[in-house]
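These notes concern the structure reproduced below.
The numbers here are math on the coordinates, done by the rules we state, and not lab data. Here the structure is a predicted model, which is why all the values come from computation and not from measurement. Virtual Cβ from ideal backbone geometry, glycine too; neighbours counted across all protein chains shown.
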Amino acid sequence: MSQWLTLFQKEILEMWRNFKWIWVPITFILLGVSEPLTSYYLPQILKSFGGLPEGSVFEIPTPTAGAVLASGLSQYSTFGVLIIVLGTMGVIASERKSGVAAMILVKPVSYLSFVTSKWAGSLLLVWFSLFIGYLSTWYYTGQLFEWVAFGEFFQSYVLYGLWLTVILTLTVFLSSALLSPGMAGFISLALALVVSIISGALSHLLEWSPSQLTSYAVALLTTGVVPDDTLPASLIGILLIVILLWLSVFLFKKKELAS
């Protein structure tokens, strides 16, 4: 356990040196505050651009607080996923390519500790960044519109965090399997996009798909009710995370021993 904690602390320190603990949370905060501010000031923004005929009336219905919060949360399905993939695609591949991984594994360090400590460090960064970014969305939504119950905020945060954890684990898996960080990132983004499109198009058939967690979080915010298929989708998401993490360790060990 002490070995794992040492590697975990090393990973946290490395992310400080790479300024990930600064730019990732700040980016998530900017994504978080953009939606409620844009929704609130949209009429003034459109009016400032002009171009409407004199005497015309252009009214935009005021969105509900739940809809604003859900729209802000959806920002993390696009830009958030991109940030996570770009930030973690080289977490193992880069060290394998540079030879740092081989130097560390010469010591009595297990492959399981090496991979899971890196995964856990990135996971902590993702969940922390998502929390403060989404918290800023919740706060500004409450200030400008109405307050959404904190319980609904937290439940939707957990659901979105679980889906982002699946993306993160997939990226770590590909980073373990490939030497090229760019290729690992590209495949991760492509798979996330394909799965999201298929799950959206066949939502009536794939109710238990982990990618549906984003839709269930939005439904929770807009209706106040947790969809029935949320628990099965969450359990499958957790199972997928465990399988991908195990495969990451297995492939990493196999490739390192072969080299």
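Express the relative contact order of the chain as a whole percentage, based on alpha carbon pairs under 8 Å and six or more residues apart in sequence.
Rounded, it is 27 percent for the chain.
Just from its helices, what would the mean residue ellipticity at 222 nm be for the chain, if runs of 4 or more DSSP H residues each count -39500 (n - 2.57) and the sum is divided by every residue, rounded to the nearest 500 deg cm²/dmol?
Computed ellipticity for the chain at 222 nm equals -26500 deg cm²/dmol.
What ³J(HN,Hα) values, in whole Hz, does the Karplus curve 6.51 cos²θ - 1.76 cosθ + 1.60 give for the range 218-234 when θ = phi - 60°, with x put for Gly and Pro?
5, 4, 4, 6, 8, 10, x, 10, 7, x, 4, 8, 5, 5, x, 5, 5
Order by neighbour count: GLU35, GLU14, fewest other Cβ atoms within 10 Å first, most last.
GLU14, GLU35
Determine ³J(HN,Hα), in whole Hz, for all residues of the range 150-167 in sequence, where each value follows from phi through the Karplus function 6.51 cos²θ - 1.76 cosθ + 1.60 and θ = phi - 60°; x replaces Gly and Pro.
Working through the residues one at a time gives 4, x, 5, 4, 5, 5, 5, 4, 5, 5, 5, x, 5, 5, 5, 5, 4, 4 Hz.
Helix 2-17 against the longest principal axis of the chain: what's the angle in degrees, Cα atoms only, rounded to the nearest 10?
Its long axis makes an angle of about 50 degrees.
Before anything else, pin down the relative contact order of the range 114-199: Cα pairs under 8 Å, at least 6 apart, normalised by residue count, whole percent.
Details: 33 pairs, mean separation 22.1, N = 86.
It comes to 26 percent, rounded to a whole number.
Go through 144-156, 123-135 and give me the packing order, highest mean Cβ count within 10 Å leading.
123-135, 144-156
Quick one: what are the phi-derived ³J(HN,Hα) couplings along the range 244-255, Karplus 6.51/-1.76/1.60 with θ = phi - 60°, whole Hz, x for glycine and proline?
Those phi angles translate into 5, 5, 5, 5, 4, 5, 4, 5, 4, 5, 4, 6 Hz.
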